[in-house]
């Protein structure tokens, strides 16, 4: 996971890139990881889905739960790089709630300059660290 330091009073941002196919198991692992990692209130968690090739419909409610739990911890979530294919899956899986989720959490973001990598777990669902310029790269084991 990558963290951008706060600059000029702006909150810090944690960047993650989700790549490959995402099923319920991968999303549960991500949820578990985010529960173990301390994210300070008033920070951003940006999940880049631009390299996500597929999201299983059973994984969508878990992604929504990740956003809800982060919001409960006062961590702001932003999804970026959501393809029209992934958008259709989210809408199919959760209908209006899925559309509301995408409308509330999707946006265009770009990495802040000077982000610092932070290795969170060596044995997680993928490799977490500084190899990916956007932060965490979590390839699916599928």
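The values are calculated or read from the model by the stated rules, or taken from the named source; none is laboratory data. As the structure is a computational prediction, the values presented were derived from the model and not from experiment. When we count neighbours, we look across all protein chains shown, and the Cβ atoms used for this are built from the backbone with ideal geometry, even at glycine.
Take the conditions (1) in a strand (DSSP E or B); (2) at pLDDT 90 or above; residue 57 misses just one of them, which is (1).
Results for (1) surrounded by fewer than 16 Cβ atoms within 10 Å (Cβ to Cβ); (2) free of Cβ contacts under 8 Å to residues at least 60 places away in the same chain; (3) within 17 Å of residue 24 (Cβ to Cβ); (4) more than 15 Å from the chain's Cα centre (by Cα), shown as yes or no for each residue.
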{"residue": "35", "(1), (2), (3), (4)": "yes, yes, yes, no"}
{"residue": "53", "(1), (2), (3), (4)": "yes, yes, yes, no"}
{"residue": "56", "(1), (2), (3), (4)": "no, yes, yes, yes"}
{"residue": "72", "(1), (2), (3), (4)": "yes, yes, no, yes"}
{"residue": "85", "(1), (2), (3), (4)": "yes, yes, no, yes"}
{"residue": "95", "(1), (2), (3), (4)": "yes, yes, no, yes"}
{"residue": "99", "(1), (2), (3), (4)": "yes, yes, no, yes"}
{"residue": "102", "(1), (2), (3), (4)": "no, yes, no, no"}
{"residue": "107", "(1), (2), (3), (4)": "yes, yes, no, no"}
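With respect to (1) surrounded by 12 or more Cβ atoms within 10 Å (Cβ to Cβ); (2) modelled with pLDDT under 50, the lone exception for residue 116 is condition (1). Taken as a whole, the stretch 41-50 holds no residue that is more than 23 Å from residue 12 (Cβ to Cβ) and either out of contact with any helix residue (DSSP H, G or I) (no Cβ under 9 Å at 6 or more places or on another chain) or surrounded by 13 or more Cβ atoms within 10 Å (Cβ to Cβ) (or both).
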